[in-house]
Amino acid sequence: MTAMTDEIRAIDTVVNIWTKEALAGRPDRSQFYTGKIGLDRGTFEGISHQEMLRRMDAAGIEIAFLIAAKVGQLGHPSCYHVPYELVADAVQAHPDRFRGLAGLDPTEGMKGVRAFEHAVKEYGFVGGHFYPHWYELGPDH
């Protein structure tokens, strides 16, 4: 943590991990990110934890909650799950800056509940993260 100052620093509560390892399991969305959104190619291909921390510092972000996102049910061509271990490794390497959130998939049943429990108890994750729209569910489901 930084020394106490008059500066108010932010906590970013939903941050996708953007390393090459995390991106490797995602479907190809290069046209969307680099074409439609205009993301630079270097960022699109992945950034290191150190680069992420540099960008957080530049933006005044003290802590980032990294999500091990579960974006839809596995097997669908546009869906992916970020392994909890990738986020756990980042949190372990930078515990003063990162916190872990376990992605949730309602189709996993008790297997998913046990994986979530493991993420909290063994990896130190501080909570869960859910994208209901990726499962065709309303936000109040």
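The values are calculated or read from the model by the stated rules, or taken from the named source; none is laboratory data. Because the structure is a prediction, the values reported are computed rather than measured. Glycine gets a Cβ as well: all are built from the backbone with ideal geometry, and neighbour counts include every protein chain shown. Each accessible area value is taken on the protein alone, full model and side chains, heavy atoms only, with ligands, DNA and RNA left out. Shrake-Rupley method; radii C 1.70, N 1.55, O 1.52, S 1.80 Å.
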Among the residues of region 127-141, write down those that are surrounded by 13 or more Cβ atoms within 10 Å (Cβ to Cβ) and in a loop (DSSP other than H, G, I, E, B). 130, 131
Name the pairs whose Cβ atoms lie under 8 Å apart, with the first residue in region 18-39 and aliphatic (A, V, I, L, M), the second surrounded by 11 or more Cβ atoms within 10 Å (Cβ to Cβ), and 6 or more positions between them or separate chains? 22/16; 22/46; 22/82; 22/86; 23/45; 23/46; 39/33
Unique match (being closer than 19 Å to residue 18 by Cβ and in contact (Cβ under 8 Å) with a residue 40 or more places away in the chain) among 102, 90: 90
Number of the condition not met by residue 98 [criteria: (1) open to solvent by 40 Å² or more (accessible area, probe 1.4 Å); (2) touching a strand residue (DSSP E or B) at 6+ places or on another chain (Cβ under 7 Å)]: (1)
Hey, residue 104 of a type in the set (A, V, I, L, M, F, W, C), at pLDDT 95 or above and closer than 20 Å to residue 26 by Cα or not: yes
In region 108-123, how many residues are open to solvent by 70 Å² or more (accessible area, probe 1.4 Å) and more than 28 Å from residue 51 (Cβ to Cβ)? 7
